[in-house]
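What follows draws every value from the coordinates through simple rules; no lab data is involved. Quantities reported herein were computed from a predicted structural model and do not represent experimental measurements. Heads up, the Cβs are rebuilt from the backbone with ideal geometry, glycines too, and the neighbour counts pull from every protein chain shown.
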Amino acid sequence: MKFTIAIHGGAGNINPQNYTPEDIKVYEEKLKESLNAGFNILQGGGNAIDAVVASVKVMEDSPLFNAGVGGVFANNAMVELDACIMDGKTLNAGGVTSVHKIKNPIEGALRVMEDSPHTLLSGNGAELFAYKQGLELVPNKHFHTKKRYDQFKKAQEKKKIMVDHSMG
Amino acid sequence: TVGAVAMDKKGNLAAATSTGGMTNKFYGRVSDTSIVGAGNYANNKTCAISGTGTGDQFIKTVFAYDISAQMEFASKTLEEAGKISLQKLAEIKGHGGFIGIDRKGNIQMDFNCSGMFRGFKNESENFVAIFKGD
């Protein structure tokens, strides 16, 4: 059986004129790192669930993409995160939403799917569950970046809500 | 929003999606596509999907499940179903894209905006791209 993995790091108003060749190279390298993280698991005989979690974690940990450390600011100046996962073999699924402290939200989603009778946990309940599962919790400041804060201030000035990467 | 879909050596499919939402969104708004059925779905009978874009429209069109349902009940290919679901998204002013993999390991990456950070890898190919036309 052949095995394969695909990833995305967001979509939107992404135009070449807004990126230098160096920027593009940085993005491409991180995308390759994410692909390799999942592919290596598949190549070693690992399962698809572990592969997609590994690939997503690379992007969550990067400030380049709108998830985890690259998460954007909500209108209360907090970074709110959501994640979900689904297993095609069992049709089991799990998710966390409106969380502020789970370092890797995709791991929270995975734990909800595999270690709880629930499907979707939100806010404080999701974070308490993650804590009890031994997942790493971090202050919300962990997710703050200057780039995203500057985007947030511009969006506030324009009174707009902006999708990923729509601000150049 | 970031995401991944995969098929392992046993032919099992999985999808994962993670997001930080939309800049300056109302706090507490369950944001973009990280909702099972909306921007995330996996079913060994059809496909695995992860989406990115304007989340409300992904939720309203049940985007990811819609692709799977077209494949299961209308015998569409992943490519055909994905284009139809993207059209439905556009009709209610949604934009974004998705990555998908079907049960035979075929990859589809499509979007209705100017770019999407994306890539795939298997034993013979290794591809990354950002802009439309790449």
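Treating only the Cβ atoms of Lys and Arg (+1) and Asp and Glu (-1) as charged, compute the dipole magnitude of the protein assembly as shown about its Cα centre; round to the nearest 20 debye. Show your work: numbers first, answer last.
On the way: 34 positive and 32 negative charges, 108 e Å.
With Lys and Arg at +1 and Asp and Glu at -1, about 520 debye.
Start at zero, step by 10 Å, and the Cα-Cα distances of chain B spread as 14, 46, 33, 7, 0 percent across the bins.
Largest first and in whole Å, the equivalent-ellipsoid semi-axes of the stretch A:1-79 read 26, 17, 10, each the square root of five times a Cα gyration tensor eigenvalue.
Panel values: the stretch A:10-168, Kirkwood radius from alpha carbon pairs, Stokes-Einstein at 37 °C and 0.692 mPa s, translational diffusion coefficient 197 µm²/s.
Placing +1 on the Cβ of every Lys and Arg and -1 on the Cβ of every Asp and Glu, with no other charges, gives chain A a dipole of roughly 480 debye about its Cα centre. Helical runs (DSSP H, four residues minimum) scored at -39500 (n - 2.57) apiece and divided by the length of chain B put the mean residue ellipticity at 222 nm at -7000 deg cm²/dmol.
Looking at the stretch B:7-73, I'd like the Rg to Rh ratio, where Rg is from alpha-carbon atoms and Rh is Kirkwood's inverse mean 1/r. Don't skip to the answer; put the middle values down first.
Values: Rg = 13.0 Å, Rh = 12.4 Å.
We get a ratio of 1.05 for the stretch B:7-73.
Quick one: putting +1 on the C-beta of Lys and Arg, -1 on the C-beta of Asp and Glu, what dipole do you get for the stretch A:83-122 around its Cα centre, in Debye to the nearest 20? Intermediate values should be presented prior to the final figure.
On the way: 4 positive and 4 negative charges, 27 e Å.
Dipole of the stretch A:83-122, to the nearest 20 debye: 120 debye.
For a straight C-alpha distance cut-off of 16 angstrom, the lysines reachable from A:Lys57 (same-chain residues fewer than eight places away being disregarded) are A:Lys30, A:Lys32, A:Lys101, A:Lys103. GNM remark for chain A: springs join alpha carbons under 10 Å apart, and the peak mean-square fluctuation among A:Ala77, A:Ala54, A:Ala130 falls on A:Ala77.
Give the Kirkwood hydrodynamic radius (Å, one decimal) of the protein assembly as shown, defined as one over the mean of 1/r across all pairs of different Cα atoms.
Values: mean 1/r = 0.0546 Å⁻¹.
18.3 Å is the Kirkwood radius here.
Ignoring aspartates and glutamates fewer than eight residues from A:Lys158 along the same chain, the ones with Cα atoms less than 15 angstrom from its Cα are A:Asp150. Any lysines with Cα under 16 Å of the B:Lys60 Cα? List them, leaving off those in the same chain fewer than 8 positions away. The reachable lysines, counting only those whose Cα sits under 16 Å from B:Lys60, are B:Lys88, B:Lys93.
With both partners inside chain A, how many of the DSSP beta bridges are antiparallel, as a percent to the nearest 5?
Details: 7 of 10 bridges.
Here the antiparallel bridges make up roughly 70 percent for chain A.
Normalised Debye scattering of the stretch A:61-138 at q = 0.16, 0.24 Å⁻¹ gives log10 I(q)/I(0) of -0.54, -1.06, counting only Cα atoms as equal scatterers and leaving out solvent.
With the simple model of a label 7 Å out from the Cα in the direction of the Cβ, A:Tyr131 to A:Lys153 spans 3.3 nm.
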